[in-house]
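Encoded as structure tokens, the structure appears first; notes follow it.
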Amino acid sequence: MNRQSKILILLEQSKDYELLSALFERNYEIIKPEKFPDETLNYDLIILDGITHNRYKNVLVDEKARVNPLFLPVLILTGKKDVDIAASFLWKTVDEMIVLPVNKTELHARVEMLLRTRKQSIELDNAHEKLHKQSSEQLNIALKSANIGLWDWNLETDKVYYSPEWKKQIGYKDDEISNELTEWSDRVHPEDIERCQKTIHEFLKTPWPDYNLEFRFRHKNGNYLWIYTQASLINNSQGEPVQMIGSHVDITEWKQLREELRMLNSELEQKVKQRTAQLVVIIKQLEAFTYSVSHDLKSPLRGIDGYSKLLFDLYGNSLNDEARHFISTIRSSTKQMNQLIVDLLQYSRLELADVQREPVEIKSVVDSFLQTQEDEINSHHFLVVINFPETTLMADSTGIQIVLRNLIENAIKFSKSVPNPEINFGLEEKHESWILSVKDNGVGFDMKYSQRIFEIFQRLHRAEEYPGTGIGLAMVSKAVQRMNGKAWAESQPGHGATFYIEIPKSH
Amino acid sequence: MEAINSFQPILLVEDNPVDLDLTLRAFSSRKLTNPIEIARDGEEALAYIEKWEKGDPRPVVILLDLKLPKINGLEVLEVIKKHPEFKTIPVVILTTSSETSDMKTAYQLGVNSYIVKPVDFDKFIEVATHIELYWGVLNKPL
């Protein structure tokens, strides 16, 4: 602010005025008004005396209020006898006091100080205005880019301010919409207006914190948009609502997306239902298939075995060795085929059956399977050691039986050819599981096959060396998986194998 | 009494010709003297009930396959076991099915024994022996 400061001098005696203006005119612009107050006048400081102060004190209050928040300094010149009276005006109508006779230096200093304060107040006000303008611009940009319309309803006049964005949402220019409340209410969908008005009415009566509404709102083009509004109330000093201010957001697209999503979800649910129904049919078919495998596939096998046996019994004497060998090959093939069917059936049943959780006395199960293999165990002089007392596990009984039958049969099959064959059973309790192990000292296998042996139809040996269907360990693995456990093996060729199964205590 | 019993027939209900023939041969290898009557489906089996009512000799044992044309084995079993007079005739299910649900139903209907036909013919002869000993001979008053 480089302009020269303006001083308004209101002194009763014109000679005093002459004196003072002569003193200041070099540095300041002096104003002597024809009349006072005068709204066209601009000044930075008022100098007056006791008489003019008395005359204008009410005007001074108005003048100060008019320019608020700017500071308008008032300096009073007073005689010694009136000091107390003048002092009582300080900070009401008067900001500074000089006692007559005037000391020129003091007067200069005080005037300069007041003008400096005035300048600072102007600078502060400018800065404040600039900041306000900036932030309201930013708010407008934000509201515009977020497509948020504003409305401000004066409850006393019933007039509403609608922001340009509010109007733009429904296709109107700023000057096309008045300040009437009907600009809003006439555009709300007939089916929604009653509900909206009821909610507003209740809200005005007893307001709640998160007021919001959704309604259909007519666009200039006749289509309806979905509008989401949020609002709050502003109360006067008596606590009565005088203003309701809120936002408008166009949620049409969001609503459509939500509807599409809902449709997709219900379609998906429908599809899942269909698929489930299809799966149920497939499972039923599979069950019928396994039933038919157990019944129909075995019948012809019985014919093949029966008639080859009869052929051998009735006509064996008239056949040569080669023909008799053929017959015995037919019969052993039949037996293998039968075993394959039995194993496959059990494997597929395992897939379909529910997992049970029941007490299993593990040592008894081991004993009973050892008994079924008694002939093999005795004839090959197996040493069988069970390294644990009777223990009750909570497990799937069918699964445990499948596991033990297969592991015991395997241990015997792969160890009976070695001298002093041995089978060791172990059971180790862990924090959350049991680990059952079956260890033999048989032919073993290369660890690079340790995973593959658990896959169905995977065999490491030729059928004539070690007969089998290639399903046994796959069944072990499946039975353990069903209990959320796992199966694995450790071995070294020629040094036996140990098979482990882990059974979680809770599955 | 022994003479009468040895003429009491065994009723074999079996649709599969191979199984039928092998069963007959398994019994004949045991030199069984009882005549064997044959029904080739469920309907034929039930037709025997009328004959017994008219005075034909009732069988000493009924060997019943489950999977039969027209009327299945479990239905035949149910009719026999509900018959006021013939429910005492021993019925042995002789089948390929090892379905536990079939076994359960058969026992609920009052079957006397349930034998799963082995594929191995040697074992089948053992089964025939068992049937003969238990139901053919044991039933004869000593």
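Taking a ≥ b ≥ c as the square roots of the eigenvalues of the Cα gyration tensor of segment A:146-250, is the shape rounded (a/c under 1.5), prolate (a/b larger than b/c) or oblate?
Note, shape of segment A:146-250 comes out prolate.
Against the longest alpha carbon principal axis of chain A, how many degrees, from 0 to 90 and to the nearest 10, is the axis of helix A:362-372 turned?
Once rounded, one gets 30 degrees.
Under a Cβ-only charge scheme (Lys and Arg +1, Asp and Glu -1), can you give me the dipole magnitude of chain B about the Cα centre, in debye to the nearest 20?
Magnitude of the dipole: close to 360 debye.
Answer with one residue from B:P84, B:A26, B:P118: the one whose Cα lies farthest towards the positive end of the charge dipole of chain B, charges on Cβ with Lys, Arg +1 and Asp, Glu -1.
Toward the positive end, the furthest listed residue is B:P84.
Whole Å is fine, so just give me how far the alpha carbon centre of segment A:193-212 lies from that of segment A:45-108.
Using only Cα atoms, the two centres lie 54 Å from each other.
If you take the beta carbon distance between A:Q13 and A:D62 as r and set R0 to 22 Å, what does 1/(1 + (r/R0)^6) give as a FRET efficiency, to the nearest 0.05?
0.30
Kindly identify chain A as rounded, prolate or oblate by the Cα gyration tensor criterion: order the square roots of the eigenvalues as a ≥ b ≥ c, call it rounded if a/c is under 1.5, otherwise compare a/b with b/c, prolate if a/b is larger, else oblate.
prolate
Looking at chain A, send over the antiparallel percent of its DSSP beta bridges, to the nearest 5.
That works out to approximately 70 percent antiparallel.
Tell me the mean residue ellipticity at 222 nm calculated for the protein assembly as shown from its helices only (DSSP H runs of n ≥ 4, each -39500 (n - 2.57), averaged over every residue, nearest 500).
Result for the protein assembly as shown, helices only: -15500 deg cm²/dmol.
Once both axes come from the Cα atoms, what is the angle between helix A:472-482 and the longest principal axis of chain A, in degrees from 0 to 90, rounded to 10?
30 degrees
What does the average come to when, for each residue of peptide A:329-340, you count the partner chain Cβ atoms lying within 10 Å of its Cβ?
1
Given the C-alpha centroids of segment A:376-448 and segment A:267-299, what is the distance between them in whole angstrom?
Distance between centres, Cα-based: 36 Å.
Given the peptides A:437-444, B:69-76, arrange them by the average over their residues of other C-beta atoms within 10 Å, most packed first.
A:437-444, B:69-76
Using Cβ counts within 10 Å as a stand-in for footprinting exposure, how do B:D15, A:D44, A:D446 rank, fewest first?
Arranged by neighbour count, lowest to highest, B:D15, A:D44, A:D446 become A:D446, B:D15, A:D44.
At a Förster radius of 60 Å, what calculated FRET efficiency corresponds to the Cβ-Cβ distance of A:I245 and A:T391, to the nearest 0.05?
0.20
Arranged from highest to lowest average of other beta-carbon atoms within 10 Å per residue, in what order do the peptides B:101-108, B:53-60 appear?
Output ranking for B:101-108, B:53-60: B:101-108, B:53-60.
If you take each beta carbon of peptide B:94-100 and count the beta carbons of other chains within 10 angstrom, what is the mean?
Per residue, the average neighbour count from other chains is 4.
From Cα pairs below 8 angstrom and at least 6 apart in sequence, can you work out the relative contact order of segment A:208-336, rounded to a whole percent?
Computed value for segment A:208-336: 13 percent relative contact order.
Most exposed first by the Cβ proxy, i.e. fewest other Cβ within 10 Å, how do A:V61, B:V79 rank?
A:V61, B:V79
Mind checking B:20-27 for the average number of partner chain beta-carbons within 10 Å of each residue's beta-carbon?
Across B:20-27, the average partner-chain Cβ count within 10 Å equals 3.
How many nm separate the modelled label positions at A:L314 and A:E259, each set 7 Å beyond the Cα in the direction of the Cβ?
8.2 nm
Return, ordered by residue number, the residues of segment A:350-384 whose backbone nitrogen is under 20 Å from a label point located 7 Å along Cα→Cβ of A:N420.
Taking a point 7 Å out along Cα→Cβ of A:N420, the residues of segment A:350-384 whose backbone N falls under 20 Å are A:377-384.
Using a 10 Å cut-off on Cβ atoms, rank the peptides A:400-413, A:330-343, A:376-389 from the highest mean neighbour count down.
Most protected by this proxy first, the peptides run A:400-413, A:330-343, A:376-389.
Would you order A:L297, A:L10 from fewest to most other beta-carbon atoms within 10 Å of each residue's own beta-carbon?
A:L297, A:L10
Any idea what angle helix A:321-352 forms with the longest principal axis of chain A, computed on alpha-carbon atoms, 0 to 90 degrees, nearest 10?
The two axes meet at around 30 degrees.
Rule-based calculations on the coordinates, nothing more; no lab input. Note that this is a predicted model, so its numbers are computed, not measured. A quick note on method: Cβ atoms are made from the backbone with ideal geometry, for glycine too, and the neighbour counts reach across all protein chains shown.
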